[in-house]
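The values are calculated or read from the model by the stated rules, or taken from the named source; none is laboratory data. Remember, it's a predicted structure, so these values are computed and weren't measured experimentally. In this analysis, Cβ positions are derived from the backbone assuming ideal geometry, glycine residues included, and neighbour counts consider all displayed protein chains.
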Amino acid sequence: MNLLAIDTGTERMSLAVCRGDQVFTHEGVAGAQASTQLIPAILSLLSRAELRLPALQAIAFGRGPGAFTGLRTACSVAQGLALGANLPLLPVDSLLCLAETALSQSPRVLALLDARMGQVYAAAYEWHDNGWLTCMEPQLTQAKELTLPPHWDALGFALAGNAMTAHGFGLQHLLNDGGHAVEVWPQADAMLKLAARAWARGEAVNAASALPLYVRDDVARTTAQRLSDKLSAA
């Protein structure tokens, strides 16, 4: 199967292309630079894989949660490429990419991304019968208020993502509950595996139907609100 995967939901750009059993990857800087660098990086990666866009079966992209600008960039570029080449899209949860990357560490993964202001994006997953079961849907929460799925009591799990550096104190209670930290970022090569399974389940959508998953719905916050967030996280 030939697939392209795109993630720019954090400050890191991650791209991957599979051509049959071969996988080609590219890592770069996302953030404000993603909008200018993404398409040239994609075209270069496709060239390395000796593939043209019409030879792909679909395009996968990290739909979030994550940084607003990065999520919009990945979605809009994926839509544009898909429309131009008449391809379907496979939106993939960014937190699920963390779980896929950390699977070798534990079949139970609490996936966390730094959401700033003392908050994290979080979701919990369990690996069952060659697939992921969602135990806690993606959510936005204060790090210190995050709790585990009830049936995970006394079970080990991987605490996977980039949130430990920024929120180590607020997440310490999870380490005390049996978690072990695995610092990873959403990786496009992991997304390829998730996208292939989604394709097999018939979950591809047309370009116009693809949307980011923001979770945080307050894009613009006042100075007073930001101060309140910082104080509550202290």
| task | Filter the stretch 109-130 down to the residues that are under 17 Å from the mean Cα position of the chain (by Cα) and not hydrophobic (A, V, I, L, M, F, W, C), then identify the one that is farthest from residue 176 (Cα to Cα). | result | 116
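Name the residues in the stretch 12-44 that are β-branched (Val, Ile, Thr) and within 11 Å of residue 192 (Cα to Cα), would you?
Step one: list which residues in the stretch 12-44 are β-branched (Val, Ile, Thr), which gives 17, 23, 25, 29, 36, 39, 42.
Matches in the stretch 12-44: 17, 23, 25.
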| Can you tell me how many residues in the stretch 28-70 are crowded, with 16+ Cβ neighbours inside 10 Å, under 19 Å from residue 3 (Cα atoms) and not small (Gly, Ala, Ser)? | 11
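Could you list all residues from the stretch 178-216 that are of a type in the set (Lys, Arg) and either not assigned by TED's automatic domain parsing to the domain that holds residue 69 or not in a helix (DSSP H, G or I) (or both)?
The initial filter retains those residues of the stretch 178-216 that are of a type in the set (Lys, Arg), namely 193, 197, 201, 216.
Once the filter is applied, which keeps residues that are of a type in the set (Lys, Arg) and either not assigned by TED's automatic domain parsing to the domain that holds residue 69 or not in a helix (DSSP H, G or I) (or both), the stretch 178-216 yields 201, 216.
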| field | Failed item in (1) surrounded by 15 or more Cβ atoms within 10 Å (Cβ to Cβ); (2) assigned to a helix (DSSP H, G or I), with residue 151 passing the rest | value | (1)
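Name the residue, out of 116, 63, that is of a type in the set (D, E, K, R) and modelled with pLDDT under 95. Before the answer, list the steps.
Values: 63 fails: modelled with pLDDT under 95.
Of the residues listed, the single one that is of a type in the set (D, E, K, R) and modelled with pLDDT under 95 is 116.
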